[in-house]
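Worksheet for the structure shown next.
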Amino acid sequence: MKLLKQNLLKKKFFSFPAAGAAGLVILGLWGCLLIYSSKAFGGSPMHFVDRQLVWLVMGAAGFIAASMVPFEIYQRVRVPFFILSVIMLLCVLLFGVEIGGMKGWFRLPVQNVYFQPSELAKMAFILYLCGIKNEGEKQSEFARFAHMALASCIMCALLLLEPDLGTCVLFFGVFLTIYWVSGGWIRYILLSAGLFLAAFFTFILANPYAMDRIRGFLDPGSSVWRSSWHIRQFQYTMAHGGVAGSETGGAMWANAYLPLPHSDSLFATIVESSGLIGGMIVIAGFACLLLAFGAMALRRHLSDCAKLFIFSTGCLYSVQALLHISVNTALIPPTGLTLPILSYGGSSLLTTMLAFGMVFSASRSSDDEGDLQEEETESFSGEHR
Amino acid sequence: MLDEKRFRFRTKCIWIAGILWALAAAASVFYYTVMARDSLVEESSRIAWRQGVLPPVRGRILSRDGVVLAWTEMYHDLYLTSLPGGLKRREKLLQRLKEEGFSGIEMSDQESLMKHLPYCLKREVAPDEFPAIRKLMTAYPELSLQVRFERKVLDSTEIQSLIGACSVDSDGIFVGISGIESEMNSVLAGESGLYQVMVDRYGNWLEGTLKILMPAEEGLDVTLGKSLSELTERDEKTE
């Protein structure tokens with residue numbers, strides 16, 4: 001009984017799925033408010049908010065369900081999960097719907113519902129790469145690197161065919177992160193970075209829309225490039241926010257001039273409505289996410305795969321958020337990455353919450369093993385007194 | 001097995017990189033919201049805010065027995081002000097216009113259409129059509145409902161020649177050019193007002209941003225010294 005109480009006490013706050021789900025739902029509701037604000041001066045804002053609320057409820061349920069599944073099951077299904085995601089990315093190129101020049105969505109039989117398979121592929125990709133580490137003892141370092149690089153090449157190539165350059169860069173970043181923190185060699189990291197940059201610049205040169213974005217970023221004052229106009233609008237939108245938000249409390253400039261104020265340009269919309277203060281809260285929030293997931297991953301009783309999975313997932317979503325924020329603050333050229341949880345997008349919201357559920361599962365799985373080991377040790381000590 | 005020490009070290013390196021990146025983003029936000037704010041807001045105001053003349057409502061011309069001989073009517077016309085840049089969106093818009101029954105425009109000949117923008121899709125949109133039109137305009141901001149005033153005169157040759165005609169100046173204000181419209185122009189015309197409004201990237205007015213800087217003064221009605229029958233009788237006698 002004493003051991004049972006100790007075990008219950010050891011279950012820290014962040015390993016309790018309902019509390020985690022509640023926190024994510026609160027964030028999601030704030031996201032709905034921001035989406036409403038971004039569409040309030042034109043269009044029909046409730047159309048977007050209603051749909052986002054439905055996905056939020058599904059996401060919360062998915063989070064709790066995913067956190068209840070033992071992490072060992074995820075480890076066991078990582079290979080079929082990865083293969084399934086590759087097949088889905090292939091199918092979307094053949095049967096998907098093109099939106100905004102990118103063929104990356106499936107149109108579901110339900111009215112006007114779209115699903116983006118690259119969102120689900122994020123989890124499959126991370127799980128697969130973390131699992132490669134587990135087999136590392138039997139392989140040479142080069143074989144391990146080659147295995148991970150091959151998986152990354154397949155994913156990145158499929159994403160570039162859509163074309164979704166932003167997500168491709170994100171996947172490559174995740175691959176480098178997992179390889180490096182799992183003890184990878186610097187020479188292989190430099191080799192893969194060099195090859196990726198070569199592929200990246202080839203893609204830029206071969207795709208006029210990408211070149212336009214780079215030129216617009218380098219010359220934001222020009223009226224020639226569409227992307228330079230977009231960057232200028234980011235700047236104007238944030239300026240209207242000031243320190244504490246716009247006078248009206250809404251995002252009027254974002255509504256009127258910013259493309260996609262509810263998704264790809266949401267951070268600038270946040271700064272317009274809630275000012276520098278609101279922007280800082282968002283930046284600090286995602287920086288804390290990285291720290292929190294890192295702290296979770298450093299707990300001693302976790303397995304290698306669980307540690308890597310937790311940290312990599314934290315990295316993925318923090319880096320995605322920082323990339324989105326960097327685009328909106330004109331630090332990097334525009335790219336179509338959303339702000340996790342907050343931006344409009346059903347598949348993104350649902351899969352992010354599923355991913356966090358899997359992280360909670362990973363954080364608890366080896367805790368139970370650790371506690372079990374402690375329990376066995378104590379009872380052994382007790383028997384021998 | 002994961003090297004615990006190396007894992008911790010490399011994790012911390014990524015933490016530091018992430019925090020530095022977050023600080024750079026925060027500095028950028030600070031720059032735009034505080035340091036460069038005034039110049040950016042001023043620059044954006046030149047793009048977004050429009051001032052315009054509020055045309056006054058022109059006074060009516062009445063006969064002695066109260067019959068309205070000349071008055072102003074307001075109409076709403078639906079215009080296509082621009083075509084979307086994206087090909088798919090453009091096709092969808094043109095298809096939707098076709099489905100809504102806007103005929104008389106060559107949907108397939110987009111180049112020719114571009115030369116005739118803004119293109120009037122429908123004149124005199126009826127009030128009961130407004131909800132459907134508004135819904136269309138919400139989905140396609142390239143559509144615009146524009147107000148048009150017309151000066152009407154009683155359907156009688158004698159009265160029309162007596163009342164005279166009006167022209168419209170560049171600010172949309174009626175100016176009498178013959179007959180009583182011209183003689184009594186200073187009374188009928190009223191005083192123009194001034195407004196300021198914010199427009200979006202399509203040139204559409206943003207709701208809630210209209211400011212009346214100076215209200216327009218309506219023109220005064222003019223009542224003639226003779227009744228309708230006397231006016232028409234007088235002309236018959238003259239003939």
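The values are calculated or read from the model by the stated rules, or taken from the named source; none is laboratory data. No experiment lies behind these values; they were computed from the predicted model shown. No Cβ is skipped: glycine too gets one built from the backbone with ideal geometry, and neighbour counts run over all protein chains shown. Surface areas here come from the heavy atoms of the whole protein model, side chains and all, with no ligands, DNA or RNA. Shrake-Rupley method; radii C 1.70, N 1.55, O 1.52, S 1.80 Å.
Take B:Met184, A:Met358 and sort them by solvent-accessible surface of the protein heavy atoms, 1.4 Å probe, largest at the top.
My answer, sorted largest first, is B:Met184, A:Met358.
Of the GluC sites (Glu not before Pro) found in region A:82-183, those in coil by DSSP whose Cβ has at most 12 other Cβ atoms within 10 Å are A:Glu135. Using the Cα centre of the protein assembly as shown as origin and beta-carbon charges of +1 (Lys, Arg) and -1 (Asp, Glu), tell me which of A:Tyr179, B:Met137, B:Leu194 is placed farthest towards the positive end of the dipole. My answer, from the dipole projection, is A:Tyr179.
With the whole protein complex present, A:Val86 retains an accessible surface near 30 Å², based on a 1.4 Å probe. When the Cα convex hull of region B:1-80 is projected onto planes of every orientation, the mean area is 13.9 nm². Residues whose amide H lies under 5 Å from that of B:Ser178, counting only those 5 or more places away or on a different chain, are B:Ala165; hydrogens are built 1.01 Å from N in the peptide plane.
Placing +1 on the Cβ of every Lys and Arg and -1 on the Cβ of every Asp and Glu, with no other charges, gives the protein assembly as shown a dipole of roughly 2920 debye about its Cα centre. Within the accessible area of chain A, what % is carbon and sulfur when the probe is 1.4 Å and the other protein chains stay in place? So the carbon and sulfur contribution to the accessible surface is 69 percent. When A:Met102, A:Met68 are compared by accessible surface with a 1.4 Å probe, the order from highest to lowest is A:Met68, A:Met102. Taking all protein chains together and a 1.4 Å probe, the residues B:Asp221, B:Asp128 rank B:Asp128, B:Asp221 from largest to smallest accessible area.
The C-alpha atoms of chain A define a longest principal axis, and helix A:45-68 lies at about 10 degrees to it.
Region B:1-41 to region A:299-318: how many Å between their Cα centroids? Distance between centres, Cα-based: 20 Å. Got a sec? Charge dipole of chain B, +1 on Cβ for Lys and Arg, -1 for Asp and Glu; which of B:Ser82, B:Ser28, B:Gly66 is way out at the positive end? Projecting each Cα onto the dipole axis, the largest value belongs to B:Ser28.
Annotation for the B:A interface, with buried accessible surface near 4300 Å², both sides summed [1.4 Å probe; non-protein components not counted]. For the protein assembly as shown, compute Rh as the Kirkwood radius over C-alpha pairs and then the Stokes-Einstein diffusion coefficient at 4 °C and 1.567 mPa s; write the answer in µm²/s, rounded to an integer. For these conditions, the coefficient is 45 µm²/s. Ligands, DNA and RNA are left out, and with a 1.4 angstrom probe the accessible area of the protein assembly as shown is 49 Å² per residue. Database remark: amide H of B:Thr223 closer than 5 angstrom to the amide H of B:Leu62 (H placed geometrically; neighbours at sequence offset of 5 or more, or on other chains; Pro and chain starts carry no H).
Binning all Cα-Cα separations of chain B at 5 Å, short to long from zero, yields these whole-percent fractions: 1, 5, 9, 10, 10, 10, 10, 9, 8, 7, 5, 4, 3, 2, 2, 1, 1, 1, 1, 1, 0, 0, 0, 0. With θ taken as phi - 60° and the Karplus curve 6.51 cos²θ - 1.76 cosθ + 1.60 applied, the whole-hertz 3J(HN,Hα) list for region A:157-165 is 4, 5, 5, 5, 6, 5, x, 10, 5 Hz, x standing for glycine and proline. Compared with the rule-of-thumb size 2.2 N^0.38 Å for a compact globular protein, region A:36-192 has a Cα radius of gyration ratio of 1.22. Restriction of the GluC sites (Glu not before Pro) in region B:152-235 to DSSP coil positions whose beta-carbon has at most 15 other beta-carbons within 10 angstrom yields B:Glu207, B:Glu218.
By a 1.4 Å probe calculation restricted to protein chains, B:Asp65 has an accessible surface near 90 Å², given to the nearest 10.
Looking at the protein assembly as shown, the DSSP beta bridges with both ends there are about 95 percent antiparallel.
Take each residue in B:5-15, count the other chain C-beta atoms within 10 Å of its C-beta, and the mean is 6.
Ranking A:Leu291, A:Met46, A:Ala362 by how far each Cα lies toward the positive end of the dipole of chain A (charges on Cβ) leaves A:Met46 at the top. In order along region B:154-169, phi translates into HN-Hα couplings of 3, 6, 7, 4, 5, 5, 4, 6, 5, 5, x, 10, 10, 10, 10, 7 Hz, rounded to whole numbers, per the Karplus curve 6.51 cos²θ - 1.76 cosθ + 1.60 with θ = phi - 60° and x for Gly and Pro. The label-point distance for A:Glu72 and A:Ala193, in a model that sets each label 7 Å from Cα toward Cβ, rounds to 3.9 nm.
Around the amide H of A:Gly336, modelled in the peptide plane, lie the amide H atoms of A:Gly166, all under 5 Å away and 5 or more residues distant in sequence or on another chain. For region B:181-193, the Karplus equation 6.51 cos²θ - 1.76 cosθ + 1.60, evaluated at θ = phi - 60°, returns couplings of 4, 7, 4, 9, 4, 5, 7, 6, 5, x, 10, 6, x Hz by residue, with Gly and Pro reported as x. When nucleic acids and ligands are ignored and a 1.4 Å probe is applied, A:Arg232 ends up with an accessible area of around 60 Å². Taken residue by residue and averaged, Cβ atoms of other chains lying within 10 Å of the Cβ of A:280-291 number 4. Counting only the Cα atoms, region A:228-278 fills a convex hull of 55 Å³ per residue.
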